[in-house]
Amino acid sequence: MPDASNKPRLILASSSRYRRELLERLRFPFDVISPDIDETPLDGEAPEATAVRLSIAKARAAAARAPGALVIGSDQVATCDGRQIGKPGTHDNARAQLQSMRGKSVEFHSALCLFDSRTDHIQSADIVTRVQFRDLSDAEIQAYLLAETPYDVAGSAKSEGLGITLVDAIHSDDPTALVGLPLIALSRMLRAAGFPLVEAV
């Protein structure tokens with residue numbers, strides 16, 4: 001295990017403000033590098049495999065620009081009825097996503113990678129969250145989308161905001177996973193890498 005007294009630079013490999021805000025909860029300094037990778041799923045690739053592969057690719061891409069750092073990569077893929085659901089990008093796509101998910105259970109695969117560029121060691125995990133959506137009316141969907149414009153999140157609903165009103169239940173071992181960065185799993189990985197989480201003042 002690396003020497004904890006020589007604490008490495010910590011990098012978040014993400015352009016997501018949601019992941020940045022989550023990581024800030026842990027109250028230690030970190031830098032952000034936006035990875036430039038192709039996020040297209042491979043033919044026949046399972047959703048959890050897509051999420052894990054991309055989380056590792058993001059961490060490696062950022063590590064190439066930050067030698068000696070601990071790099072956090074994360075990716076999220078939602079699935080409904082066996083279909084992968086990504087970020088909608090537009091109002092019309094978001095409306096279609098929510099219409100297809102109403103009354104159904106949707107799985108969100110929130111993959112996490114911690115890449116230690118000092119040792120080339122990778123820790124990775126897929127945290128699954130199951131969300132039961134209400135049987136939403138078209139009017140509710142339209143009103144929600146106009147109020148929160150969640151076009152940059154997989155599944156078109158922000159559970160940390162008004163999107164919580166769209167669901168009947170959320171089942172997960174990590175409440176932060178659905179937002180995009182599983183902090184419980186990340187804390188476990190950082191400890192394993194010898195990174196001190198809470199230091200004496």
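The values are calculated or read from the model by the stated rules, or taken from the named source; none is laboratory data. Quantities reported herein were computed from a predicted structural model and do not represent experimental measurements. Virtual Cβ from ideal backbone geometry, glycine too; neighbours counted across all protein chains shown.
Numbers at a glance
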| item | result |
| --- | --- |
| Residue in the range 57-68 that is of a type in the set (A, V, I, L, M, F, W, C) and within 24 Å of residue 130 (Cβ to Cβ) present | no |
| Selection within the range 11-57 - among the aliphatic types (A, V, I, L, M) and in contact with an Asp or Glu (Cβ under 7 Å, 6 or more places away or on another chain) | 11, 51, 52, 54 |
| Cross-chain or 6+ apart pairs with Cβ under 7 Å, the range 1-17 first and within 16 Å of residue 115 (Cα to Cα) and charged (D, E, K, R), then at pLDDT 85 or above and in a strand (DSSP E or B) | 9/31 |
| Selection from the range 124-182 of residues that are among the acidic types (Asp, Glu), closer than 19 Å to residue 105 by Cβ and surrounded by fewer than 19 Cβ atoms within 10 Å (Cβ to Cβ) | 135, 140, 168, 173 |
| Filter pass, residue 187 being small (Gly, Ala, Ser), assigned to a strand (DSSP E or B) and modelled with pLDDT of 95 or more | no |
| Residue within the range 82-91 that is without any contact (Cβ under 8 Å) to a residue 24 or more places away in the chain and under 19 Å from the mean Cα position of the chain (by Cα) present | yes |
| Pairs with Cβ under 7 Å, 6+ apart, first in the range 135-160 and within 15 Å of residue 77 (Cα to Cα), second of a type in the set (Ser, Thr, Tyr) | 151/90 |
| Enumeration of residues in the range 81-97 that are out of contact with any Gly (no Cβ under 8 Å at 6 or more places or on another chain) and either closer than 26 Å to residue 186 by Cβ or surrounded by 18 or more Cβ atoms within 10 Å (Cβ to Cβ) (or both) | 84, 86, 87, 88, 94 |
| Single unsatisfied condition, residue 68 versus (1) within 17 Å of the chain's Cα centre (by Cα); (2) small (Gly, Ala, Ser); (3) surrounded by fewer than 16 Cβ atoms within 10 Å (Cβ to Cβ) | (1) |
| The range 34-47 - residue that is within 19 Å of residue 19 (Cα to Cα) and within 16 Å of the chain's Cα centre (by Cα) and, of those, surrounded by the most Cβ atoms within 10 Å (Cβ to Cβ) | 35 |
| Candidate set: the range 1-25, residues that are among the hydrophobic types (A, V, I, L, M, F, W, C) and modelled with pLDDT of 95 or more; chosen: the one farthest from residue 111 (Cα to Cα) | 10 |
| Residue within the range 53-64 that is on the phi < 0 side of the Ramachandran plot and surrounded by fewer than 16 Cβ atoms within 10 Å (Cβ to Cβ) present | yes |
